Amino acid sequence: MSTYPNAALLLSAAHPSHFPEDSGAEAAFAGRSNAGKSSAINALTARRALARTAKTPGRTRLLNFFELAPGCRIVDLPGYGYAEASAAERATWAPMTTALSQRASLRGLFLIVDSRRGLLEGDEGLIAWAQAVHCPVHVLLSKSDKLKRAELSRALAVAQRALAGRATVQAFSAVDGTGLEQARSQLHHWFQKIKGPGG
């Protein structure tokens, strides 16, 4: 049974002016194209098709806001890397992510990283972006079911060294449920984190 039975797409934003009211709590999801971001969102919300999944990388072109419960939203960012988007589309992403970083409701960022590939340049850019705005980052090493136990342990160790305390990290698989409850706990924690006046 879904923890968020009423989860639904709230809106898709092509410009910061389209963003919903800056209230409540939001958790952003980012990752390279085809890293498993949409699958992670669907697994965390226990909704099979809340976020679209596709074999073709780069399907997410807009910032998609999903309302999971009143005042609790997740934001699906466009995939980066080899996303098949036009230069004009990519040019709109930076202003939107900048505007997102300035929202008081932003509580944290889930960074989805393919466990078989590890942290790459684009991932490091997202971590730096989050650090600049003091946004906590939790890395999900996705598709961990495709690695043997020893390989996964090594991937986790390599990621922890690379992150050097800048983010937390865990193994995750939307297929076999590895790390699912841990990730849900992190999401719940961010939703429960209320900023004080002026914070």
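Brief remarks follow.
- Hits in the range 149-186 - residues which are exposed (fewer than 12 other Cβ atoms within 10 Å of the Cβ) and in contact with a strand residue (DSSP E or B) (Cβ under 7 Å, 6 or more places away or on another chain): none
Matching residues to (1) at pLDDT below 95; (2) under 19 Å from Q182 (Cβ atoms); (3) charged (D, E, K, R):
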residue: W93; (1), (2), (3): yes, no, no
residue: M96; (1), (2), (3): yes, no, no
residue: D114; (1), (2), (3): no, yes, yes
residue: R117; (1), (2), (3): no, no, yes
residue: E124; (1), (2), (3): yes, no, yes
residue: D145; (1), (2), (3): no, yes, yes
residue: A150; (1), (2), (3): no, no, no
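- Flag if L62 is at pLDDT 85 or above and either under 27 Å from E181 (Cβ atoms) or touching a Cys at 6+ places or on another chain (Cβ under 6 Å) (or both): no
- Of residues in the range 97-128 being part of a helix (DSSP H, G or I) and among the β-branched types (V, I, T), the one surrounded by the most Cβ atoms within 10 Å (Cβ to Cβ): I127
- Looking across the range 65-75 at every residue that is touching a strand residue (DSSP E or B) at 6+ places or on another chain (Cβ under 6 Å) and either under 15 Å from H188 (Cβ atoms) or modelled with pLDDT under 95 (or both), the one that is surrounded by the fewest Cβ atoms within 10 Å (Cβ to Cβ) is identified as C72.
- Pick from the range 5-32, criterion surrounded by 20 or more Cβ atoms within 10 Å (Cβ to Cβ) and not hydrophobic (A, V, I, L, M, F, W, C), ranking: farthest from V139 (Cα to Cα): E26
- Within the range 2-22, the only residue that satisfies the criterion of being among the charged types (D, E, K, R) and either more than 11 Å from F65 (Cβ to Cβ) or part of a strand (DSSP E or B) (or both) is D22.
The values are calculated or read from the model by the stated rules, or taken from the named source; none is laboratory data. Keep in mind the model is a prediction, meaning the values are calculated, not measured. Every residue, glycine among them, receives a Cβ derived from its backbone with ideal geometry; neighbour counts consider all protein chains shown.
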